[in-house]
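The values are calculated or read from the model by the stated rules, or taken from the named source; none is laboratory data. Model, not experiment: these values are computed from the prediction. With ideal geometry, Cβ positions are generated from the backbone for all residues, glycine too; neighbour counts draw on all protein chains shown. Heavy atoms of the whole protein, side chains included, go into the accessibility calculation; ligands, DNA and RNA do not. Shrake-Rupley method; radii C 1.70, N 1.55, O 1.52, S 1.80 Å.
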Amino acid sequence: MLDQTLPIFVKGSFEKINHEFMTEGVEVLREVKVVQEKYKKNDTDTFINELRDSIVGHYLGFDLINVDKHGFDCKSTINNNLLEVKAASFDASSWGATFNDTTLEKAEAFKDKKVYLALAVWKDASDLLFICYGQNRGIGDFLEEKVKWFKSGHTVRSTQSLNLSTLVNTYGFKILTINRSKTEILNMLKMKNRAFFGLNPNKVVELKDFKGVGA
């Protein structure tokens with residue numbers, strides 16, 4: 001018999017299944033299915049990831065998308081720069097770039113000047129608010145340390161995360177606004193995290209003033 005006293009048995013917030021939500025959601029997914037079939041991208045998770053990565057890569061000036069499961073997400077044919085794309089939900093308690101099962105090879109790659117990291121914050125399925133982007137070998141050092149720590153047998157997760165404030169304040173990343181003004185994004189950041197109250201406004205770039213890191 002299962003131990004009913006386990007804490008995990010009382011976790012969660014359960015609600016009655018909403019049949020209207022379910023019906024309308026299925027209708028939306030049927031429209032998605034048409035696009036999936038047209039471009040032969042039938043795995044839904046892969047389809048959404050590739051679509052979002054393509055959008056982020058395009059805004060940052062990259063023209064190639066990786067359709068394989070391994071390697072970086074985008075590449076530029078102009079300067080061979082590479083891009084790793086991470087996503088965060090606007091409604092999440094914190095915005096961070098999460099790395100799952102990173103290898104020492106991947107950590108070493110982030111020390112190279114041609115490798116960029118992007119953290120895209122989405123308000124919903126399609127509303128991209130802004131992209132935090134940049135390059136810093138310190139990210140490679142951070143990941144390398146965490147991978148070695150995990151491989152040495154310590155009981156820590158193989159998943160590592162760098163929050164947005166760390167990317168900006170520690171690693172010197174900038175923020176590219178998408179469909180929002182610079183003022184809106186600055187206010188949004190301050191409301192999310194007190195660490196952004198002293199943020200230099202020059203760290204936030206509007207799309208019209210952006211030249212791209214892949215171009």
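Within region 92-117, the set of residues being closer than 16 Å to Gly140 by Cβ and under 14 Å from the mean Cα position of the chain (by Cα) comprises Ala97, Phe99, Tyr116, Leu117. Working only within region 41-60, note down all residues that are open to solvent by 100 Å² or more (accessible area, probe 1.4 Å) and either at pLDDT 95 or above or of a type in the set (Lys, Arg) (or both). The one that is open to solvent by 100 Å² or more (accessible area, probe 1.4 Å) and either at pLDDT 95 or above or of a type in the set (Lys, Arg) (or both): His58.
Does region 82-104 include one or more residues that are modelled with pLDDT of 95 or more, touching a Leu at 6+ places or on another chain (Cβ under 9 Å) and farther than 18 Å from Leu176 by Cα? Among the residues of region 82-104, not one is modelled with pLDDT of 95 or more, touching a Leu at 6+ places or on another chain (Cβ under 9 Å) and farther than 18 Å from Leu176 by Cα, which makes the answer no. The helices (runs of 4 or more DSSP H) found wholly in region 70-189 and carrying at least 1 residues that are more than 24 Å from Asn200 (Cα to Cα) and open to solvent by less than 30 Å² (accessible area, probe 1.4 Å) occupy 104-109, 137-151.
For region 1-40, how many residues meet the condition of being assigned to a loop (DSSP other than H, G, I, E, B), open to solvent by less than 90 Å² (accessible area, probe 1.4 Å) and at pLDDT 95 or above?
Taking region 1-40 and keeping what is assigned to a loop (DSSP other than H, G, I, E, B), we get 1-6, 11-18, 39-40.
Then keep just the ones that are open to solvent by less than 90 Å² (accessible area, probe 1.4 Å); that gives 3, 6, 12, 18.
In the following step, the residues that additionally are at pLDDT 95 or above were identified as 18.
Total satisfying the criteria: 1.
The condition (being touching a residue at least 40 places away in the same chain (Cβ under 8 Å) and farther than 28 Å from Ser76 by Cβ) is satisfied by just one residue among Lys192, Lys174: Lys192. Do we find that Asp63 is of a type outside the set (Gly, Ala, Ser), in contact (Cβ under 8 Å) with a residue 60 or more places away in the chain and open to solvent by 80 Å² or more (accessible area, probe 1.4 Å) in this structure? It is true that Asp63 is of a type outside the set (Gly, Ala, Ser), in contact (Cβ under 8 Å) with a residue 60 or more places away in the chain and open to solvent by 80 Å² or more (accessible area, probe 1.4 Å). Restricting region 130-144 to residues that are out of contact with any Ser or Thr (no Cβ under 8 Å at 6 or more places or on another chain) and either among the small types (Gly, Ala, Ser) or at pLDDT below 90 (or both), the residue that is farthest from Asp101 (Cα to Cα) is Gly134.
What tally of residues in region 190-214 results from selecting those that are outside any loop (DSSP other than H, G, I, E, B), open to solvent by 20 Å² or more (accessible area, probe 1.4 Å) and touching a strand residue (DSSP E or B) at 6+ places or on another chain (Cβ under 8 Å)? Steps first, please.
Taking region 190-214 as the starting set, the residues that turn out to be outside any loop (DSSP other than H, G, I, E, B) are 190-192, 194-196, 201-209.
Narrowing further to those that are open to solvent by 20 Å² or more (accessible area, probe 1.4 Å): 190-192, 194-195, 201-203, 205-209.
Then drop every residue that is not touching a strand residue (DSSP E or B) at 6+ places or on another chain (Cβ under 8 Å), which leaves 203, 205-207.
Selection size over region 190-214: 4.
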